[in-house]
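Asker: There's a structure below that I have some questions on.
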There are 2 protein chains.
Amino acid sequence: MATQVVPKLETKAALIKAGLELMLTKGYSNTGIQEVLNVSNVPKGSFYHYFGSKEEFAVAIIHFFDQSYTADLQQILSNRKRSPIERLHDYVEHSKAKLVEEGCSKGCLIGNLSQEMADQSEVLRKELCLVMNKWRDLIAECIEEGQKIKEIDSGTSPHKLAEFFSAAWSGAVMRAKTVKNSESLDTFIELIFNNVLI
Amino acid sequence: MATQVVPKLETKAALIKAGLELMLTKGYSNTGIQEVLNVSNVPKGSFYHYFGSKEEFAVAIIHFFDQSYTADLQQILSNRKRSPIERLHDYVEHSKAKLVEEGCSKGCLIGNLSQEMADQSEVLRKELCLVMNKWRDLIAECIEEGQKIKEIDSGTSPHKLAEFFSAAWSGAVMRAKTVKNSESLDTFIELIFNNVLI
């Protein structure tokens with residue numbers, strides 16, 4: 001009987017997807033390579049064929065998560081049928097819906113790994129920074145567009161408003177994950193649009 | 001030669017202090033009991049005399065951290081020589097100074113453990129919730145006082161403003177810890193006082 005040959009890319013993707021799910025729920029330290037192998041049904045040798053270490057594996061997971069998240073974010077923030085402030089609103093409502101659907105668990109991989117690993121791994125810290133700053137800059141672009149059409153208050157720079165927006169949203173997600181309800185997200189949405197951006 | 005007798009409370013306190021330092025830097029999962037014993041120079045038997053498990057140990061660490069943090073927070077927020085908004089300002093400047101002094105590392109134990117453990121331990125999650133909500137309520141009291149003397153905008157309830165304040169500050173601390181500079185903290189301070197509370 002012929003053994004099923006799993007194409008290389010599929011194996012790598014299966015490892016990354018299993019790793020992402022485990023790291024989102026359990027964090028970096030609590031995620032064991034053996035568990036990733038069990039879930040993805042991949043032999044140990046294959047893991048080390050693709051990834052030199054657990055840290056390198058986490059970098060691949062961050063890149064994968066970033067690609068998917070950034071694609072969503074860019075799609076929402078470039079929707080010309082909506083005004084800049086409506087797009088920002090769509091983004092947080094979309095994120096909130098996903099979080100609530102998951103019972104306010106998991107949260108954001110970038111936030112989770114930042115809290116856990118920023119002082120533990122310089123390699124991961126730098127990757128997390130890049131992603132955080134990229135998302136903030138996408139939000140800043142949308143805010144700048146809103147300021148140009150006088151929809152968003154121009155008293156503060158788009159960069160600062162986006163930094164505040166991103167930090168406050170991350171904190172609200174963290175609180176929702178801890179308290180297990182969406183109060184902090186609802187409060188963020190109410191105040192950021194009524195008191196900060198307008 | 002008589003063996004030195006270490007009083008019981010001192011041993012327990014030494015374990016908690018060593019555990020706090022390690023968990024602040026490395027998180028819960030990465031902190032091994034053996035490392036706590038090595039740092040505090042306490043034999044293994046003593047650990048299990050005081051704490052039934054690592055989880056129970058973490059609860060004791062949360063209580064210890066909370067006591068110390070709450071004492072600081074209450075002292076700053078009840079300083080009658082300063083107006084309510086000046087007190088809130090003092091609180092974040094005090095927290096920022098501590099964070100910057102540590103090279104923007106460690107961050108807040110409650111935030112760190114929330115991200116790492118909210119989906120892993122119901123016992124820790126509930127403890128973290130209690131602490132988060134207590135701190136938020138202390139901030140809400142100060143905001144209410146500010147609203148009564150018309151120093152803070154009354155368009156939003158003290159509870160909601162405090163929820164937003166706390167979440168946004170937690171997020172700013174997380175970003176500072178990741179980026180390793182105080183930009184997010186400075187932005188929080190500028191915007192929360194200029195655009196949100198006033």
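Asker: Give the aspartates and glutamates reachable from B:Lys106 as a straight Cα distance under 19 Å; neighbours fewer than 8 places away on the same chain don't count.
Answerer: Within the straight-line limit of under 19 Å, B:Lys106 reaches these aspartates and glutamates: A:Glu116, A:Asp119, A:Glu122, A:Glu127, B:Glu21, B:Glu35, B:Asp66, B:Asp72, B:Glu93, B:Glu116, B:Glu183, B:Asp186.
Asker: Moving to a separate point now. Quick one: check the C-alpha center-to-center distance for segment B:117-148 versus segment A:70-107, whole angstrom.
Answerer: 27
Asker: Between the helical axis of A:8-26 and the dominant principal axis of chain A, each derived from Cα atoms, what acute angle in degrees is found, rounded to the nearest 10?
Answerer: It is inclined by approximately 60 degrees.
Asker: Mind checking the angle between helix A:54-77 and chain A's longest principal axis? C-alpha axes, 0 to 90 degrees, to the nearest 10.
Answerer: 40
Asker: I've got another one for you. Describe numerically, in nm with one decimal, the distance between label points set 7 Å from Cα along Cα→Cβ at B:Val100 and at A:Ser105.
Answerer: In this crude label model, B:Val100 to A:Ser105 measures out at 4.1 nm.
Asker: Could you compute how fast segment B:50-198 diffuses translationally, taking Rh as the Kirkwood radius over C-alpha pairs and applying Stokes-Einstein at 4 °C with viscosity 1.567 mPa s? Give it in µm² per second.
Answerer: On the way: Rh = 16.1 Å.
The estimated diffusion coefficient comes to 80 µm²/s.
Asker: Here's something else I'd like to know. Rounded to the nearest 500 deg cm²/dmol, what is the calculated helix-only ellipticity per residue at 222 nm for chain A, with -39500 (n - 2.57) per DSSP H run of length n ≥ 4? Could you put the intermediate results ahead of the total?
Answerer: Values: 9 runs with 143 residues, N = 198.
My calculation for chain A gives -24000 deg cm²/dmol from helical runs alone.
Asker: Could you check the simple spin-label distance between B:Ile149 and B:Ser83, using points 7 Å along Cα→Cβ, in nm with one decimal?
Answerer: So the two model labels end up 0.7 nm from each other.
Asker: Let me ask another. Let me spell out the model: positive unit charges on the Cβ of Lys and Arg, negative unit charges on the Cβ of Asp and Glu, origin at the Cα centre of segment B:63-127. What dipole size does that give, in debye rounded to 20? Show your work: numbers first, answer last.
Answerer: Numbers: 9 positive and 11 negative charges, 73 e Å.
Dipole about the Cα centre, nearest 20: 360 debye.
Asker: Taking the dipole about the Cα centre of the protein assembly as shown, with the C-beta of Lys and Arg at +1 and of Asp and Glu at -1, give me whichever of A:Ser95, B:Leu15, A:His49 is farthest to the positive side.
Answerer: A:His49
Asker: Angle between the Cα long axis of helix A:122-148 and the longest principal axis of chain A, 0 to 90 degrees, nearest 10?
Answerer: Once rounded, the angle reads 30 degrees.
Asker: Restricting to Cα atoms and excluding each atom paired with itself, what does the Kirkwood estimate give for the protein assembly as shown in Å? Before the final figure, lay out each step's value.
Answerer: Values: mean 1/r = 0.0446 Å⁻¹.
Kirkwood radius, the protein assembly as shown: 22.4 Å.
Asker: Now for a separate question. Of A:Lys54/B:Lys126; A:Lys148/B:Lys177; B:Lys96/B:Lys148; B:Lys81/B:Lys180; A:Lys150/A:Lys180; B:Lys126/B:Lys160, which pairs sit farther than 25 Å apart, going by alpha carbon to alpha carbon?
Answerer: Numbers: A:Lys54/B:Lys126 31 Å; A:Lys148/B:Lys177 33 Å; B:Lys96/B:Lys148 28 Å; B:Lys81/B:Lys180 34 Å; A:Lys150/A:Lys180 37 Å; B:Lys126/B:Lys160 21 Å.
Violating the 25 Å limit, Cα to Cα: A:Lys54/B:Lys126; A:Lys148/B:Lys177; B:Lys96/B:Lys148; B:Lys81/B:Lys180; A:Lys150/A:Lys180.
Asker: Once you put a point 7 Å from the Cα of A:His63 and another 7 Å from the Cα of A:Asp137, both along the Cβ direction, what distance in nm separates them?
Answerer: Going by the 7 Å Cα→Cβ label model, 1.8 nm.
Asker: Moving on. Taking all protein chains as present, what is the carbon and sulfur share of the accessible area of the protein assembly as shown, in % to the nearest whole number, probe 1.4 Å? Don't skip to the end; give the middle numbers.
Answerer: Values: 9470 of 17960 Å².
Carbon and sulfur atoms account for 53 percent of the accessible area of the protein assembly as shown.
Asker: Further question on the same structure: Note the distances from B:Tyr48 to each other copy's matching label point, with points 7 Å along the Cα-to-beta-carbon direction, in nm, sorted shortest first.
Answerer: Reported distances to equivalent positions: 3.4 nm.
Asker: With a 1.4 Å probe and every protein chain left in place, work out the accessible area per residue of the protein assembly as shown in Å², rounded to a whole number.
Answerer: Working: 17960 Å² over 396 residues.
Normalised by residue count, the accessible surface of the protein assembly as shown is 45 Å².
Asker: Quick one: putting +1 on the C-beta of Lys and Arg, -1 on the C-beta of Asp and Glu, what dipole do you get for chain A around its Cα centre, in Debye to the nearest 20?
Answerer: Dipole of chain A, to the nearest 20 debye: 340 debye.
The values are calculated or read from the model by the stated rules, or taken from the named source; none is laboratory data. Bear in mind that the values here come from a model prediction, so they are computed numbers and not experimental data. Heads up, the Cβs are rebuilt from the backbone with ideal geometry, glycines too, and the neighbour counts pull from every protein chain shown. What goes into the accessible areas is simple: the full protein's heavy atoms, side chains included, and nothing from ligands, DNA or RNA. Shrake-Rupley method; radii C 1.70, N 1.55, O 1.52, S 1.80 Å.
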